[in-house]
Amino acid sequence: SVLVLTVACTPYVQVLVSAGLQRCPPSEEEAARSLGASTMRIVRTVTLPRLRPSLSFALVLVSLYVVSDFGAVAILDCEVLTWELYQQRGSRDSVLIGFGLIAVVLPLLAVVRLIHGSAELERQVRHSEPQRRPLRGTSAITTGLLMTTIIGLGVLLPLVSLGRWIWWGLRNPEIEFAPILSSTGDTLLATTVGAALVILLAFSPAWIAARRGGRGGAWIEHAVYLTSSVPGILIAVSMLQLTLGLRRQFPESIALWDGLEAGGIFLLLGYGMRFLSQAYAALKPAMLQVEMSAEESARLLGAGPWRRFRTLHLPALGPGLGAAYLLLFLSIAKELPITLTLLPLGHTPLSYRVFSSQDEAALHNVGLSGMVLLSLAIGLQLIITRWRAHAERAHHRA
């Protein structure tokens, strides 16, 4: 379970830290190098201080993910608190287990604030591209081994397993594959709408925290992380109890509640609560890149709010929006507890298909659903990478 969660969480760290590295001013590194500083000293004294906010956000996202994960631990029979909560979801013990999960997460907020440091370190926009140098010697060997391990365990091994299961199903004529097009459509619909909704919900608190700062901004940040610290299974059970309570309390409006449930509104609200911190973690550092002097100059020259947002804010937010959407797409696509509990009838996204097929030992359907899900993730990765590069160029021109 630890190995699987490590490989699964590596992309979250990579996306956030790479976005933070793109915001590091290359002039500082070049100045340190010209003064004779070694690579390790540059990393320790120049790069890491700039990455403190990104590293703190990555730490809290990984911690929240590991604490609240359900799919990996359920399949691998690792009886952590989330699995126990799922087993006891209909009893009074579920309340105590839920509070225990929240108590585990609360100390993370203090650690994040300690690592985060001052946001002023991020308030500098990069005006030139860094000078790229090839890796040599020990650095090249170490990087190659690490990337080979991560890619081998996270990509090649799943691809080989999925392909073998699909081939096994094709070689047995008596085995039929379940329809895949409807599940793919349900996944794309849920991830597209869900990711957009979560970004909209996170935009306002990220903007206020980035602009206001101080104690008020810190409390907003704590509230965001506290909201997302609730495990998905606990959110799902609470939302389910809420819908049942609304039906009992307002029986004359039962058609309204049925319509909201059938339309996936409760499912989207569950996604919003569960993944609010991921969108916030990607948006806030990007919002800190908007130069206050440039915004003030645009205001003095008569540019309205919409024009300032379009010409100054949006280019600066491009990489952050891309990172946020990629994180949310991956997270929603593989979310299990909320999807299993709040999914409207008649819909079967790919994550649901993978879990149910594995539970039924239908490995051929697991392989097909997993391969399609992995293909969607890779395709979005390519699109987001190109879009972020375009946004970076627009940001430099602005």
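The values are calculated or read from the model by the stated rules, or taken from the named source; none is laboratory data. The structure presented is a predicted model; accordingly, all values stated were derived computationally and were not measured. Virtual Cβ from ideal backbone geometry, glycine too; neighbours counted across all protein chains shown. We work out accessible area using only protein heavy atoms, side chains counted, and drop any ligands, DNA or RNA first. Shrake-Rupley method; radii C 1.70, N 1.55, O 1.52, S 1.80 Å.
Residues in the range 338-363 that are in contact with a Leu (Cβ under 8 Å, 6 or more places away or on another chain) and in contact (Cβ under 8 Å) with a residue 24 or more places away in the chain: I338, T339, T341, L342, L343, P344, P349, L350, S351, Y352, F355, S357. Restricting the range 71-120 to residues that are within 20 Å of R52 (Cα to Cα) and assigned to a loop (DSSP other than H, G, I, E, B), the residue that is modelled with the highest pLDDT is G117. Within the span defined as the range 57-73, every residue fails to be surrounded by 14 or more Cβ atoms within 10 Å (Cβ to Cβ), touching a residue at least 24 places away in the same chain (Cβ under 8 Å) and farther than 27 Å from T227 by Cα. Out of the residues in the range 19-34 meeting the condition of being of a type in the set (G, A, S) and farther than 17 Å from A279 by Cβ, tell me which one is nearest to the chain's Cα centre (by Cα). Only one residue tops the list, namely S27. Only one entry in L156, L162 is farther than 30 Å from E28 by Cα, outside any loop (DSSP other than H, G, I, E, B) and open to solvent by 60 Å² or more (accessible area, probe 1.4 Å), namely L156.
Note on the range 309-360: residues that are open to solvent by less than 50 Å² (accessible area, probe 1.4 Å), of a type in the set (D, E, K, R) and either over 29 Å from L283 (Cα atoms) or more than 20 Å from the chain's Cα centre (by Cα) (or both) total 1. Looking at the range 266-273, can you tell me whether even one residue there is open to solvent by less than 30 Å² (accessible area, probe 1.4 Å), more than 23 Å from V95 (Cα to Cα), assigned to a helix (DSSP H, G or I) and touching a residue at least 12 places away in the same chain (Cβ under 8 Å)? The answer is no, given that none of the residues of the range 266-273 is open to solvent by less than 30 Å² (accessible area, probe 1.4 Å), more than 23 Å from V95 (Cα to Cα), assigned to a helix (DSSP H, G or I) and touching a residue at least 12 places away in the same chain (Cβ under 8 Å).
Can we say A279 is crowded, with 18+ Cβ neighbours inside 10 Å, within 26 Å of A333 (Cβ to Cβ) and modelled with pLDDT of 75 or more? Criteria met by A279. Residues in the range 1-56 that are touching a residue at least 24 places away in the same chain (Cβ under 8 Å) and over 27 Å from I150 (Cα atoms) were compared, and the one that is surrounded by the most Cβ atoms within 10 Å (Cβ to Cβ) is E29.
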